[in-house]
Structure formats: structure tokens, C-alpha cells
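A short write-up of the structure that comes next.
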Amino acid sequence: MSETAPSSQRLSPLVTVLLLIGAGIMLMPMLWTLLLSFKSNAALMADSGSAFMPPWTLENYAAIFQGSLTTRWLINSLIVSTGSTIGVLVLSSLAGYGFARLDFPFRRTLFVIVLLGLAVPEQAVILPRHQLFAMLGLHNSYPGLILPSLTGAFGVFFMTQYFRAIPPELDEAALLDGASRLTLFWKVLLPLTWPAQATLGVFTFLGSWNDYWWPLISATTSDYFTLTVGLASAQMNYAQTSGLGFLMAQAVFASIPILVVYIAFQKQIVRAMAGTAVR
Amino acid sequence: MSGLELIDVSKSYGATRVLDGVSLSIAPREFIAFLGPSGSGKSTLLRIIAGLETLDSGEVHLGGQRIDGLAPGARGIAMVFQHYALYPHMTVRENMAFGLINAKVPKDEIASRIAQAADILEIGSQLDKKPGQMSGGQRQRVAIGRAIVKQPRLFLLDEPLSNLDAALRSRTRVELAQLRNRVDAALIMVTHDQAEAMTLADRIVVMNDRRIQQVGTPAEVYARPANAFVARFVGSPAMAMLAGRVISGESGRLRVRLAGGAELQTAVAAAGIAADAPVEVGLRPEHVTLAPPGSGGIAATVELVERLGDRTFIYTRLAEGSEVIACAPGFSEVRPGDEVLLAIDAAAAHVFSADGTAHHPEASA
Ligand SMILES: Nc1ncnc2c1ncn2[C@@H]1O[C@H](COP(=O)(O)OP(=O)(O)OP(=O)(O)O)[C@@H](O)[C@H]1O
Ligand SMILES: [Mg+2]
């Protein structure tokens, strides 16, 4: 696709200007949020235009750490997203290796079932899942929030394709080198899947971080809210006028981890978005 | 100590038979080449020996021990893969150490073996590079190095030279020849390049159609091919085959009338071949020369001239349609389209029965 031109290519001035305008429009709400977060609620209630004028304050950020549940929600989100990511990577790698390399009964059938999983929308299973989790007493717990993401078929499919692309000669060389199956998997194949792990990991993490629907259903006590659910609930509780600065500080605070992930994995994210083969 | 022994090895993929009752015996330090056309089962046989492929029936023994039930890593065999199969994420040193670590070889022993192999292959300065940073020729050496450090009883090489350019190819060929002198092991090399097999191997195993067609030294395979297939497959340019009929045995030697009418008095013993039996007469290029005009040669039309400098191969076609390749010393001036006369050294001709059985010329009494 032409929009993924190599960065070394010079852009024409017109394109540069258009891109700058586009970026400005995208950035505006974020900068506005950042600005508002440094103003006291009272000042904003009087006139939100005062955001451009001092005095600025850190009191909204202080409020997050004193008494509000935002830190707790942040930690919940971190636990759930990290747990989902690790779980998906482990399961997908093992399953992908199995589907790509091992010969076992019903392998094809099972793989087709996995592929069918890609076609089932979450909406179709969320009700039975809710009932199942209620029966098992999994609501309002970390496992209850993490487990559903581990059933995703995409990771298995993705890793299977990646393992298939590794030349089988490498396995054979390792077998002749006296490697056990475990050594072969751990020391030879898995290190080669690092780019795939990074891509899949980043997407799982972001997906889990931004997930709203399932945590909204599963976590009913605010102790188990994730950030998305927590922030939304806060917006309902505080009239947007009376707590605007605090609300914005929450939003800024909540986006720090995701910003870190984006910066750390920029390369993988851009590649995955551009759809180029990751190697 | 005995080398490698294959006993009646057979292999099918589904309903397709790939190897059919292959038996072969190789001495402990022999250099063997598997030679054959594409799809003849060379790689499959190699992989069965390595343990990468199971066999349907038969036995494999190495050094007096039956190995066909053993895991690939437990057979004392090292293999150099066609595409090298180096571990891309490991340095050269780690690539070579991997098998030794798995075999629990002590650390300093590993270091000294790697140093020694690196020395032999002149890759000492590359040990900390990754395969991706190396040229094809260098990767090839690393692959060989990885095999050497294991000190195997048998080296297997699947088309080791096919990925190299011409210059590197002949250099690596020399190195393979040196390698066999350095290691105390047998070597089997798969190739479909007969020049490679001829230069390097002590014995050549010619394979075709699921079976071993002939096992012999390069000289034997060339001079006394076991059947029409081997005769045609070995030698470049290939042996010409002329259809004919036996007309009589003269002093115990076959006389053959070719389809074009010419008669050849061969040096092949007539015993066991019926008069009037259809046969093919095999003629190597070096036994066919251009006859001076007016002499009693066989008429032919030149189709292609291959001038190699020291000699010229002249591809001709007889009136009845068969192709015959003649050889002239030096730089011949004939051109495609020329009418020439061929002089045939009938005493050197091979004769093949309709079933492919070979009959070789006997030294004249
Ligand atoms: N995994 C497989 N499944 C089915 N058929 C196979 C398989 N591997 C090889 N064959 C078939 O077995 C036959 C022998 O293959 P093999 O690779 O041993 O030939 P080869 O002599 O090494 O040929 P080449 O010179 O092209 O490497 C071929 O007809 C091939 O199609
Ligand atoms: Mg092959």
C-alpha cells in the first residue's frame, strides 16, 4: 500500500502541511485534556476558558492518590492486561507449535474449530459466559476478568502460521544435535518467534486494556473495576461541571501506562498496522 | 569395526513407493556419493540413515550397532543440510556448541573442539557473528564446522555444493576432499552433479526408480555401467544409443546392424545373446570421431558444436534420426548444418539388451 512509504522518502510540502493539520486535529482533545487537568475544579466551573491562564495546580493529581479508587483501578487494569497477555502468549505459542509441528489425531479438525472461533463474535457468547461465570462464582475476581481473553482464537491462528513459516530443516538440525522436544521448542523455535510474540503481546495488552464490555458485566463492585469501567462510572457520579479538572487528571493518569507501551513497542505496532510481514 | 550397513530398506509415502529393497555396505572411512536424477530417492535414503524419516522395512547398522530405532541425535551421525539450517538467532560459536551442550560435553572440551574446527575451516574470526551476517560460502563452512565438532562416525551431506556459485563450488569441492582426510568417519554426499561425484567419491551409488542401479568406483561406473540407465546418466555429454539388431557372432564377438544399415563389429562377447535380438549400441563421444571425406564413415548432419578449447564436441544426427555425439581434438571448424562422416570405434562400443542389461567390450585378445 502506498501510504506506508519508506520514511527516507521526502514528502512534498503540501502533504506535510496536510499531515500537520491532521495531527493537530487529532492532538487537540488530548492537549485540552492535559491542560484542564492542571486547573482546579472551582476555576473551571467558573470559566473553562481560564485553562489558558495561570494559576495551574497539581491538586487534581493529588486527589487521585488520596482516597479515590483510580490507583486501584489502574492496578486492576495492569493485572488483568498483563495476565491476559502472558496467558495468551503462553497458550498461543504452545498451541501454535503443536498445530504447526506435531502430528496428533484430529489435528486438522481441531484447527478448523479454532478457525471457527475467529468467526464467533463476543456478543454471541457473552450471555452464556456470564451465566457460567456466575455459576462458578468467578465474577468480581481477577480470574473472572482474565480467563475470557485466553479463549481468543486469533493468537493460536497467528502463532501457528508463524511456526509454520520456520523451515522444518531447523527442527531436523536440532534433532540431529540431540535436542529434546523441549530444548528444540525453548532454545531453537521460541526465540525465533520473538517478533510475533511482540506483535501479539502488544495487541493483546492494548485490547485488554481498552476492553469495556466484559469488565462492565463481570466486575460489579468498584474494587474490581478496571480503569475503563471505573472512569466511566466516575463520569456519571461527578457532574461534568463540578469535577472537570479531576476527571481530566484521571484520564491523563490512566493513559500513562498505555503511552509507555506504545512508545516501547512503536516498531511492532507500526509494522502490524501496516500489515507488513514481521520478521 | 564396520561402517554403515543398509539391509533391504523400503519406504513408501502413502501408496507411492520411494525406496524398494535398498541394500548397501559402506566402509568406515569411505567417501560415497549418491547420484541420481531428481526424485530418485537420494534424499529420502539419506534422511532414513539420519533418522529424520522412518523406514517401512529393513535395517540400518552403523559401527556394528543397529541404529534404525534410535533417535537422530543418538546415532553418531552429523548432517550438513542443503540450506545449511543454521540457527539464525545463535552466533557461529553457539551454533557449533549446541549439539555438544545437548550431549553434555564438558565446557573446555567444547571450546577446544570449536577452536580446532574454526582453525581447519578458517572461520576463527567469524565465531561471534550470526549466520545472517555471513555469505553463503561462510555459512556453508559453519554448517560443516557444526558437523565436525560432533566427531561423528558418519557425515551426511545433502547437495552441499548446489547453493554455491561456480568459483566457490570448486573451492568447496577441494575442501570437502581435504575434510575426508582429516576426519575419522565415513561421508555420504547426495548430488545430481556427476562431476562432483566423480571427483570426490571413492564409490558412487547410482540411484533411479526407487532402486540402487549400481555401486562402483567412478572408473567402474563410467567404463562398465551396469545397465542402460547408468550408461546414459553417467558421462557428459551422455553416451549415444543407437538401435540395431544382432546379425551374427564372429569369433565369439557380437556384430550389430544399426537401424541406418551400417554394420559394427563390436568387442562384446556374443555368448547369451540371440541372433536377430534387438539391442542398443552405446557410444561415448570419445569413441566417435570425424572421418575424412570419401572414407567409409556414417553420414550425419551437425546440429550443435560445443568448443571447449582443448577438444570439441560435435552433436550430430543420423539420417534415421538418432543423435550421436562426436569428439574432435582441439578447435574444430565444423558448423551446424554441415554434412559429416563419423568414424566409430566399434571395439569400444557397449551393447544393451532390450531389458537394459549391459554387455561390455572385452579387451582384444
Ligand atoms: N514427505 C513426502 N511426502 C510424499 N512424497 C515424498 C515426500 N518426500 C519425498 N517424496 C517423494 O519421494 C520421492 C523421492 O524424493 P527424494 O527427495 O528422496 O528425491 P531426491 O532423489 O532427493 O530428489 P532431488 O534430487 O530432487 O533432491 C519423490 O518422488 C518425492 O516426490
Ligand atoms: Mg534431494
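Counting only other chains, what is the mean number of Cβ atoms within 10 angstrom of the Cβ of each residue in peptide A:178-185?
Neighbouring Cβ atoms belonging to other protein chains average 3 per residue here.
Could I have the simple spin-label model distance between B:E306 and A:D223, label points 7 Å from Cα toward Cβ, reported in nm to one decimal?
8.7 nm
Between A:L20 and A:W213, 0.36 nm times their residue separation minus their Cα-Cα distance comes to what?
66.0 nm
Could you tell me the calculated FRET efficiency between A:S12 and A:A46, based on Cβ-Cβ distance and R0 = 45 angstrom, to the nearest 0.05?
Efficiency at R0 = 45 Å is approximately 0.45.
Please work out the C-alpha center-to-center distance from the stretch A:76-115 to the stretch B:176-216 and express it in whole Å.
Here the answer is 45 Å between Cα centres.
How far is helix A:227-237 tilted off the main Cα axis of chain A, in degrees rounded to 10, range 0 to 90?
It works out to around 30 degrees.
Given the options B:G252, A:G87, B:L24, identify the residue whose Cα lies farthest towards the positive end of the charge dipole of the protein assembly as shown (+1 on Cβ of Lys, Arg; -1 on Cβ of Asp, Glu).
A:G87
Residue separation times 0.36 nm, minus the C-alpha to C-alpha distance between A:F104 and A:L69: what's the value? Before the final figure, lay out each step's value.
Working: separation 35, 0.36 × 35 = 12.60 nm, distance 4.93 nm.
Taking 0.36 nm per residue and subtracting the Cα distance, the gain is 7.7 nm.
Enter the angle in degrees (range 0 to 90, nearest 10) between the Cα long axis of helix A:153-165 and the first principal axis of the Cα atoms of chain A, meaning the one along which they spread out most.
Value to nearest ten degrees: 50.
Once the dipole of chain B is set up with Lys and Arg at +1 and Asp and Glu at -1 on Cβ about the Cα centre, which of B:P292, B:G145, B:V305 lies farthest towards its positive end?
Of the candidates, B:G145 comes out farthest on the positive side.
Could you let me know the centre-to-centre spacing of the stretch B:1-25 and the stretch A:181-240, using Cα atoms, in angstrom?
Each part reduced to its Cα centre gives a spacing of 55 Å.
Mind checking the angle between helix B:92-102 and chain B's longest principal axis? C-alpha axes, 0 to 90 degrees, to the nearest 10.
Value to nearest ten degrees: 80.
If R₀ is 25 angstrom, what is the calculated FRET efficiency for the pair A:M30 and A:T151, using the beta carbon separation as r and rounding to 0.05?
0.15
Could you tell me the calculated FRET efficiency between B:S248 and B:Q65, based on Cβ-Cβ distance and R0 = 56 angstrom, to the nearest 0.05?
0.50
Too long at a 26 Å Cα-Cα cut-off: which of B:K42/B:K129; B:K11/B:K150; B:K11/B:K104; A:K187/B:K150; A:K187/B:K42; A:K267/B:K129?
As for pairs spanning more than 26 Å Cα to Cα, those are B:K42/B:K129; B:K11/B:K150; B:K11/B:K104; A:K187/B:K42.
Quick one: in the protein assembly as shown, what % of C-alpha pairs are over 39 Å apart?
Summing the P(r) of the protein assembly as shown above 39 Å gives 57 percent of all pairs.
So, with +1 on the Cβ of K and R and -1 on the Cβ of D and E, and no other charges, what is the size of the charge dipole of chain A about its Cα centre, to the nearest 20 debye?
Numbers: 13 positive and 11 negative charges, 69 e Å.
Computed about the Cα centre, the dipole is about 340 debye.
Roughly how many debye, to the nearest 20, is the charge dipole of chain B about its Cα centre, given +1 on each Lys and Arg Cβ, -1 on each Asp and Glu Cβ, and no other charges?
Roughly 1220 debye, rounded to the nearest 20.
Read-outs throughout are calculated quantities, based only on the coordinates presented, and are distinct from any laboratory measurement. Just so it is clear, the structure is predicted and the values come from calculations on it, not from any experiment. Please note: Cβ atoms are built from the backbone with ideal geometry, for glycine as well, and neighbour counts cover all protein chains shown.
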